[in-house]
Amino acid sequence: MSVLFVDRAEEGAWLRQFARGISGGAGLRCAVLEGPSGMGKSALLAEFSRSRAELPVEIFTVRCNPVIGAGRTFGPVVDLLLELEARAPRRWRRKPIAAAVAKSTTGLLAEFVPVLKPLVAIGTDAVKTTLSSGAIPFDSLLPFEQAAAVKIAEAIAERIAKRPTVLVVDDAHFCDELSLQVLERLLRNRAVPVGLVLARVPHHKDGSALEQLLPTWEVDGLVGRRNLGGLPAEAVAELVDHEFREAPPGYAAQIGQRTQGHPIFLVKLLEDRSTVLPESLEAWLEAQPEMQSEDRRLLKRAAAQGFWFDSVTVAELAGVDGGQTRDALDALARSSPLIERSAPPEWAFRERADHYRFQHQALWHAVYATQSDAERREHHERLAQAAIRRLGSDATYEQRLEIARHLRAAEDYCRAESSDFHLALARDAAAVNLSLGDAEWLSWEAYDAASKLRKSAPGRDERIVKAVLLHLSLSEVRWKGRVEATGERDTDRLAAQAETAAERLGDPALLVRATMLRGKTLMATEGLEHGLERLHLAVTRAEALDDPLTLYVAKIEYGRQASKRNLAEGEAQLAEAERMRVEDARIRDSDDPVLVHSRNLGEIQYGISLFDSGRLGDASDRLERAVRRLRLQSNRTELPIALNYLAQLRICLGDLAGAVQLLHEARDLEADRGGDSGWHAYNTALLASALAALGEPAERVAELLEEAWAETERTWLLNLVPIVRNLYAQEALTAGRLDAAERFARGTVEETRKSGMVRSEIAAHLLLARIALARNETEQAVKCALDSLRLLNEKGPQPALRSEEVYYHAAVILSAGEQHEEAATLLERARAELARKAASIEGADLRRRFEAAPGLNTWIRDGEGVAS
Ligand SMILES: Nc1ncnc2c1ncn2[C@@H]1O[C@H](COP(=O)(O)OP(=O)(O)O)[C@@H](O)[C@H]1O
Ligand SMILES: [Mg+2]
């Protein structure tokens, strides 16, 4: 290999300039080198590192793994922490890490970042719950992964806080999504004197995570890029002069033209000192003597194993005597320009073997490509099977990723095994590594392999159902309603496939779960009516099942959603579930996390449905009790939701300050966990509205609302989006920002027409009416108010919508439109609603407080704005 480094003066100066700018705080935070494999990115990075002495920064380099690559979640970050640790002053160093811990990336991380430990424990519980029930959305779990990223970034920031530092990530197209999140947090935190240098191959099939992220960094002026092309003629001449002094005249020009200055090709030709110049790197490879002898097969097998390979595995693959293979590889490593001795990554280490690697990834790919299709598949099949036999249940996560890779590459030779293997790995990715993102793609592969099996293949249906159930519950939080041309997977088609597969299979418990899931996808794609019909079917199917636990879960799922169409029906289902819980010890006393989670949700859902149907006293008792109890649990997954419900109730009861307190508690709880959350967004919007009512300055309210809306857009929980939109519109209306208010209210109408979220549509029409009135467009106001009323009459009372609010504002508007008789009737209806709710409150104090609650309740009492 060449020892002389040539050219790249401009790019090298750019990198050093970048490094000097780090300590300044302003300026670029990330420098990206781009170019195809073999173009000299790593060589330039090495040159950059060598100039460390003249730079006012520390440089740490990690390289993403080209074999299991992005599958190794947090892998590059762990490597980085190890680097930091190795060079840390002694007082920073931790005790040696136990081998058991080092086995899982998560365990290793928790070792470096101790605050992760409790998080990992809580997260593991919660994920297990969700995995085994399939009934509970992951919305409350998503934050755990992001939270880990936040804490890791903080830990790294803390270690490099003092000294300006450049983190170099080579082959960043193999970087996993969560490591990228950590890096992004570091970049965006200008208080940390850090710069990032990335080298990557653009448009690489594994590089989509980075590909999507880069433009967002670019927009914010964080990143600069340099594309590496071929070396220029003078540089080629310099290299020739140095490596092949006796070259014939004109040689440098010839070789420069032939290789287009592509360094790896160039370097290989110079090593040969060959004057016959092949067309391409591939042609050069074919001309090598080892590719024309028995060694060709050996090298192909080595390439099938991977960039790193070992003598024992290659011998196994050949089915020949180990000693012979060992000797042949040893000889090749001495003479061939293709491979060399090299220690593999830890997880790929094999005892009693010699270890090698290809001299360059580009060479690995070129040799790999010489296999025929069948040969390649057979190689991967045998590699996978041998590893499974050898490692069994002792395989580490990385080893399992490696096996999974072979199974995928074996294509139709291993579909069934591949599906099973990926599903098991997906479950562990979530439950052990807490990596929902990994679990998601792994479960997709499990589905993909199963669906490509012959239709009549035994076990196909069961595999499809199980893989889809897992995949969809993992991705549920991100379903965005109807499938648009976004490239998102068609969730409902998948769920439908799982449902029919479950029907064919005749396993009633799986069928109930598939039906429940289909109900949810229909809810997202076709709207409430279709969704509810299916969820109801799931309940019916569960009733035939003689399995109270499944029935209980199905009832809660259905009941929660049914309230959105028919309050009484939803309440009845939840009441029934509540009765089952009280009466059936199997449900009540079980400490199975599935049940615990379902029970918690059921309890607070029942509480809020009592509130929605106007039984305030009962609702208040239950929700206060639930919140007290949930606060005591170690896993407080449901607490932010419970606090939200109770805050709604307190606002209605006129206890604004009490509501504000609860909402702060809920927000803090989730902020501690870190990451975005739909409920955090909702709680922020509700807080804004409560604070506004308490007279908080308009700017602060507006600020909170912007924050809430931005987080809602990022999380997009289908049933929360329109609620936050409406809260936004309402506060904008109050603040006199009518155009913004109208935009948001119209957004709700448009969306809810598709999603069928009637309650929000009613509220949005009412908001449009009030906005029109504020503009003195009385006719338009009346029209919108009537729209709202008509929907309410048609669909009946709604959850999270106070009917009296609709009646009252409609009364004000009709009164402005001179329709006095109708206005008076509506006001009476609003009063009747209030009276009914007041009567449900047992305590006299609480009742009086409710009646005198400032805002809506007193407006209604006094008939404010309604001409009498
Ligand atoms: N500027 C250079 N001067 C001399 N040799 C180079 C130069 N750039 C790359 N090479 C050589 O070319 C080969 C491929 O370069 P490498 O940096 O590994 O490419 P990449 O990282 O883009 O895949 C290596 O053998 C390297 O030493
Ligand atoms: Mg490289």
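Miscellaneous remarks
- The set of residues in region 311-345 that are touching a residue at least 40 places away in the same chain (Cβ under 8 Å), over 19 Å from SER293 (Cβ atoms) and part of a helix (DSSP H, G or I) comprises VAL312, THR313, GLU316.
- Any hit, region 743-751, residues being aliphatic (A, V, I, L, M), surrounded by fewer than 24 Cβ atoms within 10 Å (Cβ to Cβ) and within 30 Å of GLN561 (Cα to Cα): yes
- Test: residue in region 88-111 that is buried (at least 19 other Cβ atoms within 10 Å of the Cβ), within 16 Å of ligand 2 (Cβ to nearest atom) and either more than 26 Å from LEU338 (Cα to Cα) or modelled with pLDDT of 90 or more (or both): no
- Answer residue from region 1-44, given it is part of a loop (DSSP other than H, G, I, E, B), within 16 Å of ligand 2 (Cβ to nearest atom) and of a type outside the set (A, V, I, L, M) and is modelled with the lowest pLDDT among those: SER2
- So ARG72, is it within 16 Å of ligand 1 (Cβ to nearest atom), touching a Phe, Trp or Tyr at 6+ places or on another chain (Cβ under 9 Å) and not aliphatic (A, V, I, L, M): no
- GLU290 vs. criteria charged (D, E, K, R) and in a loop (DSSP other than H, G, I, E, B): no
- Output for region 503-540, where each listed residue is more than 30 Å from the chain's Cα centre (by Cα) and outside any helix (DSSP H, G or I): GLY506, ASP507
- Under the condition of being crowded, with 23+ Cβ neighbours inside 10 Å and either more than 17 Å from the chain's Cα centre (by Cα) or within 16 Å of ligand 2 (Cβ to nearest atom) (or both), the residues counted in region 171-186 number 5.
- Taking every residue in region 150-171 that is outside the structural domain of PRO202 (by TED's automatic domain parsing) and of a type in the set (Val, Ile, Thr) and pairing it with any residue that is within 16 Å of ligand 1 (Cβ to nearest atom) and in a helix (DSSP H, G or I), at least 6 positions away or on another chain, yields no pair with a Cβ-Cβ distance below 6 Å.
- The numbered conditions (1) closer than 24 Å to PHE18 by Cα; (2) more than 16 Å from ligand 2 (Cβ to nearest atom) are all true for ALA148 except (1).
- Unmet requirement for ASP546, which otherwise passes all of (1) in contact with a Lys or Arg (Cβ under 8 Å, 6 or more places away or on another chain); (2) at positive phi: (1)
- Count - residues of region 199-213 that are more than 12 Å from ligand 1 (Cβ to nearest atom) and farther than 18 Å from LEU178 by Cβ: 2
- Residue in region 209-218 that is aliphatic (A, V, I, L, M), within 16 Å of ligand 2 (Cβ to nearest atom) and closer than 20 Å to ASP79 by Cα present: yes
- Qualifying residue in region 413-426 (condition: more than 30 Å from the chain's Cα centre (by Cα) and surrounded by fewer than 23 Cβ atoms within 10 Å (Cβ to Cβ)): yes
- Only helices (runs of 4 or more DSSP H) whose full extent lies in region 803-861 are considered here, and none of them has at least 1 residues that are surrounded by 18 or more Cβ atoms within 10 Å (Cβ to Cβ) and on the phi > 0 side of the Ramachandran plot.
- No other residue among LEU266, LEU270, LEU239 is crowded, with 18+ Cβ neighbours inside 10 Å, under 46 Å from the mean Cα position of the chain (by Cα) and not aromatic (Phe, Trp, Tyr) apart from LEU266.
- In region 40-60, the residues that are more than 7 Å from ligand 1 (Cβ to nearest atom) and among the basic types (Lys, Arg): ARG50, ARG52
- Tabulated pairs, region 623-649, first outside any loop (DSSP other than H, G, I, E, B), second of a type in the set (Lys, Arg), C-beta under 7 angstrom, 6+ apart or interchain: LEU630/ARG636; LEU639/ARG631
- Filter pass, ARG599 being more than 30 Å from GLU805 (Cα to Cα) and touching a Gly at 6+ places or on another chain (Cβ under 7 Å): no
- Helices (runs of 4 or more DSSP H) wholly inside region 354-447 containing at least 2 residues that are of a type outside the set (S, T, N, Q) and away from ligand 1 (no atom under 16 Å from the Cβ): 373-391, 397-409, 415-431
- Residue check, ALA554 closer than 26 Å to GLU842 by Cβ and in contact (Cβ under 8 Å) with a residue 12 or more places away in the chain: no
- Considering region 45-72, and only residues there that are within 16 Å of ligand 2 (Cβ to nearest atom), in a helix (DSSP H, G or I) and of a type in the set (A, V, I, L, M), the residue that is farthest from GLY21 (Cα to Cα) turns out to be ALA46.
- Residues that are without any contact (Cβ under 8 Å) to a residue 24 or more places away in the chain and in contact with a helix residue (DSSP H, G or I) (Cβ under 9 Å, 6 or more places away or on another chain) are absent from region 800-817 altogether.
The values are calculated or read from the model by the stated rules, or taken from the named source; none is laboratory data. Given the structure is predicted, the values throughout are model-derived calculations rather than measurements. Neighbour counts run over all protein chains shown; Cβ positions are idealised from the backbone, glycine included.
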